[in-house]
Amino acid sequence: MNKFLNFCLGILIIFIIQYLSIFITKSLNIIFPAPIFGIILLFIFLKIGLIKENWIKDFCEFIIKHMILFFIPMFVGIMVYQDLITKNFLNFFLIIVLTTSITGISVGLFIENIIKYKRLKKLKEAKND
C-alpha cells in the first residue's frame, strides 16, 4: 500500500509542477515551453529540498519504463504521411544526414577546443607557480 501511495504522490507532484509551469509561463507571458520550464522547476525544487526524491521515484520509474508508448502516436503520424515522405525521401534523407553530421562535427570541435583551453590554462598556471 505504501508503494501505491508513493506512486500517487509522485503523479500529484508532477502534475502540480506541470500546471504551475503552465500557469507561470502564461500569466507572465514568457515565451518558453511550459514542459521545459516545469523540468527546471522540478530540478530546483529537488535541489533545495522542497521535494524529496523518494516522493516521485516510483512514478518516474514507471514513466521511464513505459516511455515507448509515448512515441507510438509519432509513428502513426509517419504512416499517415507515408506518400509525402516517399515523394521527398531524398530531401529528408539529406537533411537528416547533413544536420546530424554538422551537429556531430560542431560538438566534437567545441569539446576539443575546450580540452585544449583547459590544458593551456593548466600549463600557464604551472608556469606561474
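Of note:
- So Leu41, is it touching a Leu at 6+ places or on another chain (Cβ under 9 Å) and within 16 Å of Phe15 (Cα to Cα): yes
- Only residues that are touching a helix residue (DSSP H, G or I) at 6+ places or on another chain (Cβ under 6 Å) and within 20 Å of Ile63 (Cα to Cα) were counted in the range 4-27, giving 9.
- Screening Ile51 against (1) part of a helix (DSSP H, G or I); (2) free of Cβ contacts under 8 Å to residues at least 40 places away in the same chain; (3) more than 18 Å from the chain's Cα centre (by Cα) leaves a single unmet condition, (1).
- Considering Phe7, Phe93, Phe75, the condition of being aromatic (Phe, Trp, Tyr) and touching a residue at least 12 places away in the same chain (Cβ under 8 Å) is satisfied by Phe7 alone.
- Flag if Lys47 is exposed (fewer than 11 other Cβ atoms within 10 Å of the Cβ), out of contact with any Gly (no Cβ under 7 Å at 6 or more places or on another chain), at pLDDT 90 or above and not polar (S, T, N, Q): yes
- Checked against the criterion of being loosely packed, with under 10 Cβ neighbours inside 10 Å and out of contact with any helix residue (DSSP H, G or I) (no Cβ under 6 Å at 6 or more places or on another chain), the candidates Glu53, Glu112, Glu61 yield just one match: Glu53.
- Number of the exception - Ile102 against (1) exposed (fewer than 10 other Cβ atoms within 10 Å of the Cβ); (2) at pLDDT 95 or above: (1)
The values are calculated or read from the model by the stated rules, or taken from the named source; none is laboratory data. Keep in mind that this is a model prediction, so the values were computed, not measured. A quick note on method: Cβ atoms are made from the backbone with ideal geometry, for glycine too, and the neighbour counts reach across all protein chains shown.
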